[in-house]
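Bear in mind that the values in this text are calculations on the coordinates, not laboratory data. Note that the structure is predicted; figures quoted are calculated from it, not measured. In this analysis, Cβ positions are derived from the backbone assuming ideal geometry, glycine residues included, and neighbour counts consider all displayed protein chains.
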Amino acid sequence: MSEKTPSRYWTRFIGADGKWRRLKRRPQGEGKQRPPREDEQRPPGEDLAVLRSGLGRPAGTVFAVVPFYTSPIDDHAARRGEVSAEQAAEHVALALFGLHQQGQDSPMHKPGLSVGRALRRLRQSGRFAEEALDRRVTATVNATSVSSFAYRLRGLVDQLRSQGIPLDYDLLLKDVLDWHHADGRQRVRRRWGLAYFDWSSPSTADAQSVES
């Protein structure tokens, strides 16, 4: 990605602590001397619907989604009528966030909670057969194209959504971006495998569970 990471759509509403951002509002009319009210800043349902319209569609082909892109334009790619790998990865992340956040009261972007760790929490929830989930995760990391990886991610995100389990969408975007290259895919597989099967020491695993 670019040297200076752009502020992504989800960070407009969700802070570094994984909670909704709050905006102070001065009371109108009578009672102006009352302290300001803090309102949670949540993504509008209309926005989420637009983001979901990008599911399964190539980046740049859904005009309503394009204004949500924050990745810098690659001039060389643009002259060829193409989007950059970063824009393509952001498109996938935006669409999945729109799906994940749909109907959820809690933020589904959780800084620091990688996809592998989120899927481990799903595995530990007991709501899905471990063997079946293992197969789905394996099929996802065995995808040989970005479109196939994104398609299989969609199923996993839907399962996370059903249990209200968030993940870090900045890290997911990086995973999708890395998936554009063979060596990047290997890095993602290692990251997911180490987190999903949790080969850390018991004390470290317990600490991570508390943090999540």
Rounded to the nearest angstrom and ordered from largest down, what semi-axes does the equivalent ellipsoid of the range 44-211 get from its C-alpha gyration tensor (root of 5λ)? 27, 19, 14
Can you sort R8, R22 from fewest to most other Cβ atoms within 10 Å of each residue's own Cβ? R22, R8
Would you mind ranking L48, L23 so that the residue whose beta carbon has the fewest other beta carbons within 10 Å leads the list? L23, L48
Cross-link partners among aspartates and glutamates for K174, C-alpha distance below 16 Å, same-chain residues fewer than 8 apart left out? E3, E86, E90, D183
Work out, step by step, the length gained on full extension between F63 and E82: first 0.36 nm times the residue separation, then minus their alpha carbon distance; give nm to one decimal. 5.4 nm
Taking 8 Å as the Cα distance limit and 6 or more residues as the minimum spacing, I'd like the relative contact order of the range 44-211 as a percentage. 26
Over the alpha-carbon set of the range 76-124, divide Rg by the Kirkwood Rh and report the Rg/Rh ratio to two decimals. 1.14
Amide H neighbours of R21 under 5 Å, counting only residues 5+ apart in sequence or on other chains, H built in-plane at 1.01 Å? I14, G15, Q41
For K19, list the aspartates and glutamates whose Cα falls under 12 Å from its own Cα; do not include residues on the same chain fewer than 8 positions away. E40, D105
Report the full-extension gain for the segment T70 to D183: residue separation times 0.36 nm, less the Cα-Cα distance, to one decimal in nm. 38.1 nm
